[in-house]
Amino acid sequence: MAKNILVVFGILMIAVFFRFFAITQIPPGLYPDEAINGNNALMALRTGSFKVFYPENNGREGLFINIQAIFLNLFKKNEPWVLRFPSALFGVFTVLGIYFLTKELFQNPKSFGNGKLKIGNYEVALLSSFLMATSFWHINFSRIGFRAIMAPFFLVWGIYFLLKTFRQIKEQKSSKFYILNSIFAGIFYGLGFYSYIAYRATPLLIFIILFLYWLKNKELQIRKKILISIFYFLFSTLIVAAPLGLYFLNHPYDFFGRTSQISIFNSPTPLKDLGLNILKTIGMFNVAGDSNWRHNYAAKPELFWPVGILFVIGVILGIAKLLKLTKGGQQFLDNDRKSAVILFAWLIITGLPVVISNEGLPHALRAILMIPPVFIFAAVGGFWLYKFLKTKIQPLILKIFIIIFFIFLIFETYQNYFIAWAKNPNVYDAFNAPYVEIAEKINRLPKELPKYIVVEANGVLVPIKSAFYADKGEMVNIPMPAQTIMFITDTFDFFKQKEKNVFYVLPEKINLIPQNSFVVRLK
């Protein structure tokens, strides 16, 4: 037990390193989608108006922005790394969560795949946690100020407490503990609805989990406790998610807005698009990944090739387990087969928001909820390979091989992220780094000098109070790229614009800019 704690601690230190090292420099720049989060957070701090939903920029659930406000207030700096600090924290604690969840999934080791593999819950849990800790896919989004990083965190911890609840019921543990854990499960799961739009597909996954455990346990006393735990779980979920639900009832367009814009159902050939999207999404793991430089490095597969092979092995073992559904009726509900059902359901259901969209596929960000089951499957595949090699290779040689593999994975991740990706000029442009340099230059200019930013770049229009258009702050729609300048210079606020002599101008008003002013054009 003490050895496992030390290993978990070591994995967490690796996760912390990859998510916090050089966070003040990498990624470079500040993407406007991150910057508007910061601007909303600053306004929330100044006005005391913390929202459950911020409607600008196609709408964003408010929890992450409100958390960012806490860190902006704590560090007192308008710098990109402050907005990314919460993402890194969520990333680290998701790595911890995947350890506990995997251990719970394989709590009572039974045969897996071909019937000969005995899954060790600690070994697979440690390996899944390590693979996520060293994953470029997860590391990257743990270092960007996007709310999506919260989605796997809340789902992992929510399902962990839910499975723990059912185990305690089966083991006849104290009612206080199983009720308390079902409440924790509901709180974590409910908070997930404030994270990312793709999370809305997860109730189907939760239904499948509840249904499986209901079928598995036929004793009247156990079923009674399961019903009680489900009540507390659903009630706490409902209470936590209610403020956001009430907001959407009053603003239905905000619920559907972004989803309806990118849906395949707006396409003239939805079935063809769906088929292609499924192929692209399956291929993203081992063939060709996201081509967006903010999300990935040079369209590489989302999984480093050795991990990709382990993932395929794990999926094959899971399919082999599921194919026994026709043999023995209720036997498909034994522990590891039930785990396979949950993992496949998780993978497929969280893949739905990806494949029904028609924008930028394969899409690593939209697929972020697929990360946990992907690395659990890879860990199962890794454990199988270890068992196989154990019969072919001397123990000492095998241990040396495993140590070399782990070290190789760590160094490859470091080289791939901090050197190859971080120093690539495409990344510099993808995060609008030139805009940050412009903003820093504006910050160094004398306050008395009028500074005019002519926003010629295209983007989603954001209504702001502009000191240029009226003394009292007439609302004007300014394209999204200006958000980066506004955050770094702290001029999203009308009064800050006046105080700092900074003005945002649309191209058609450029002739009204006074002479002898500092003028910069955002293109």
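The values are calculated or read from the model by the stated rules, or taken from the named source; none is laboratory data. A quick note: this is a predicted structure, and the numbers were derived from the prediction, not measured. Counting neighbours? That spans all protein chains shown, and the Cβs are built from the backbone with ideal geometry, glycine included.
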- Could you tell me which numbered condition Gln107 fails, if it satisfies all but one of (1) crowded, with 24+ Cβ neighbours inside 10 Å; (2) of a type outside the set (D, E, K, R); (3) modelled with pLDDT under 95; (4) not in a helix (DSSP H, G or I)? (1)
- Query: Just checking, which of Leu101, Leu74 is in contact (Cβ under 8 Å) with a residue 60 or more places away in the chain and of a type in the set (A, V, I, L, M)?
  - Reply: Leu101
- Task: Check whether at least one residue in region 154-162 is within 26 Å of Asn40 (Cα to Cα), at pLDDT 95 or above, assigned by TED's automatic domain parsing to the domain that holds Phe311 and surrounded by 23 or more Cβ atoms within 10 Å (Cβ to Cβ), and report yes or no.
- Result: yes
- helices (runs of 4 or more DSSP H) wholly inside region 173-287 that include at least 2 residues being surrounded by 17 or more Cβ atoms within 10 Å (Cβ to Cβ) and either on the phi > 0 side of the Ramachandran plot or of a type in the set (D, E, K, R) (or both): 270-283
- helices (runs of 4 or more DSSP H) wholly inside region 352-441 that include at least 2 residues being assigned by TED's automatic domain parsing to the domain that holds Phe17 and basic (Lys, Arg): 371-390
- Message: Between Ile410, Ile464, Ile419, Ile453, which is β-branched (Val, Ile, Thr), closer than 30 Å to Leu96 by Cα and either buried (at least 20 other Cβ atoms within 10 Å of the Cβ) or in contact (Cβ under 8 Å) with a residue 12 or more places away in the chain (or both)?
- Response: Ile410
- All but one of (1) modelled with pLDDT of 90 or more; (2) in contact with a strand residue (DSSP E or B) (Cβ under 9 Å, 6 or more places away or on another chain); (3) more than 20 Å from Trp305 (Cα to Cα) hold for Val380; which doesn't? (3)
- Determine if region 468-476 includes at least one residue that is among the charged types (D, E, K, R), assigned by TED's automatic domain parsing to the domain that holds Leu506, without any contact (Cβ under 8 Å) to a residue 12 or more places away in the chain and assigned to a strand (DSSP E or B). yes
- Task: Kindly indicate which of Leu347, Leu352, Leu369, Leu385 is under 21 Å from Asn277 (Cβ atoms), touching a residue at least 60 places away in the same chain (Cβ under 8 Å) and surrounded by fewer than 23 Cβ atoms within 10 Å (Cβ to Cβ).
- Result: Leu352
- Message: Condition (residue is of a type in the set (Phe, Trp, Tyr) and touching a Ser or Thr at 6+ places or on another chain (Cβ under 9 Å)) applied to region 286-309: is it met by at least one residue?
- Response: yes
- Task: Determine whether Phe177 is assigned by TED's automatic domain parsing to the domain that holds Tyr417 and under 30 Å from Phe487 (Cα atoms).
- Result: no
